[in-house]
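Structure first, commentary second.
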Amino acid sequence: MHIRYPIIAALVLFTSTVVFGQAELAVRGFCIAAPSPERLDDFVKFIDEELAPRGVNTLVLRVDHSYAFKSRPELRGDNPLSKKEVKQLVAVCQKHNIRIIPQINLLGHQSWAGQVGKLLEVYPQFDETPHVQMPEEYAWPNADGLYCKSYCPLHPEVHDVVFDLVDEICEVFEADAFHAGMDEVFYLGHDSCERCAGHDKAELFANEVNKIASHLAQHDRQLWIWGDRLIDGKTTGIGMWEASMNNTHRAIDLVNKGVMICDWHYEQPVQTAVYFAMKGFPVITCPWRKSEVATAQLADMVRFKQYATAEMAPRYQGMMQTVWRGAGAFLDEFYSTEPLNEESEVACFKALFEAMGRQ
């Protein structure tokens with residue numbers, strides 16, 4: 001990131017704390033993987049004693065296949081949460097008026113490193129790129145351009161399967177929103193796909209988002225997605241990870257405006273929340289592990305909201321801390337008596353919510 005001078009950084013932290021009360025943010029979020037059954041009690045305690053006192057009002061849980069699905073038992077992952085265990089999470093969140101939103105990665109992130117994910121393991125016919133074999137030892141970059149596999153959005157049977165998962169996970173979590181992931185989609189409209197080859201990648205992406213949003217709307221549920229595929233990585237200079245280099249960015253003008261955009265930038269406080277708000281979307285900004293980035297993003301979000309038009313101000317929804325480790329590893333560091341790594345998810349989480357003035 002472009003490091004701000006220490007005095008300015010201190011002023012940013014101070015300003016964000018003071019100004020926050022003048023521009024209340026609707027979303028004060030926390031995103032993490034769902035805990036394993038063994039760490040469930042620890043995580044419930046963390047919600048009760050740490051998230052709630054800090055004013056966290058939204059919890060996005062990355063469940064994926066870590067639930068004992070009844071509709072599609074073949075898609076249960078190893079060591080999944082039971083319905084009874086999920087209800088413990090629901091209960092503690094309801095106790096503190098925390099909105100709980102489950103996530104299952106749709107479209108992209110159907111593999112990781114050298115291992116294919118559960119959906120493509122069980123239904124290999126859904127693979128967008130079946131000719132790309134999973135490597136014994138994963139490395140990036142590679143000749144296949146493999147980061148994560150995708151399912152083919154035009155396969156005639158894929159939505160019957162994934163929507164069963166979506167409906168069941170939303171029901172058990174008693175959720176009024178669902179997070180579909182949809183970040184870092186590198187394989188889409190691939191030349192090797194008998195259905196997708198030659199299709200406009202922006203239209204493919206937008207159609208998939210809208211299909212999911214329409215399905216959720218039948219039960220009055222809102223779709224949340226990560227925002228990177230809707231940003232032009234080349235024109236902005238943001239690049240291929242936090243933005244798109246395969247032309248999906250044009251989908252921003254085709255996507256349902258009710259979709260919540262989770263706008264993640266981790267290395268520097270890129271101000272793309274304004275772009276999403278100007279395009280008509282509700283947006284939240286999502287930091288990761290750099291405290292100075294998170295507090296700068298908070299100050300930006302507050303300022304955007306304060307000086308926006310009456311039409312745009314409600315679109316600046318707030319902030320959501322992201323954690324990209326297992327819940328157990330995060331909790332171990334959070335409760336550790338060892339000196340805190342200042343560039344970590346724990347440090348960032350503490351700094352962000354301290355800046356919000358709720359600790």
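Below are the figures for this structure:
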read-out	value
Ranked list, fewest to most other Cβ atoms within 10 Å of each Cβ, for S214, S291, S71	S214, S71, S291
Rough spin-label spacing in nm, given labels placed 7 Å along Cα→Cβ, for Q125 and A139	3.7
Gain in span if fully extended, E203 to N79, counting 0.36 nm per residue against the direct Cα distance	40.9 nm
Modelled label reach - Q115, point 7 Å along Cα→Cβ, region 64-95 residues with backbone N closer than 20 Å	64-69, 73-82
Fewest-first ranking of T337, T322, T285, T309, using other Cβ atoms within 10 Å as the exposure measure	T337, T309, T322, T285
Computed helical MRE - 222 nm, the chain, DSSP H runs ≥ 4 contributing -39500 (n - 2.57), nearest 500	-10000 deg cm²/dmol
Whether region 162-300 is rounded, prolate or oblate, judged on the alpha carbon gyration tensor where a/c under 1.5 counts as rounded	oblate
DSSP-defined beta bridges in region 6-355 - what % are antiparallel, rounded to 5	10
Radius of gyration and maximum dimension Dmax of region 6-355, Cα, Å	19.7, 57
Spatially proximal aspartates and glutamates relative to K83 (Cα-Cα < 19 Å; intrachain offsets below 8 disregarded)	E38, D41, D42, D64, E74, D164, D167, E168, E171, E174, D176
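Here, each number is a calculation from the coordinates, and none is a lab measurement. Keep in mind that what you see is a predicted model, and the values were worked out from it rather than measured. Note: ideal-geometry Cβ built from the backbone for every residue, glycine included; neighbour counts use all protein chains shown.
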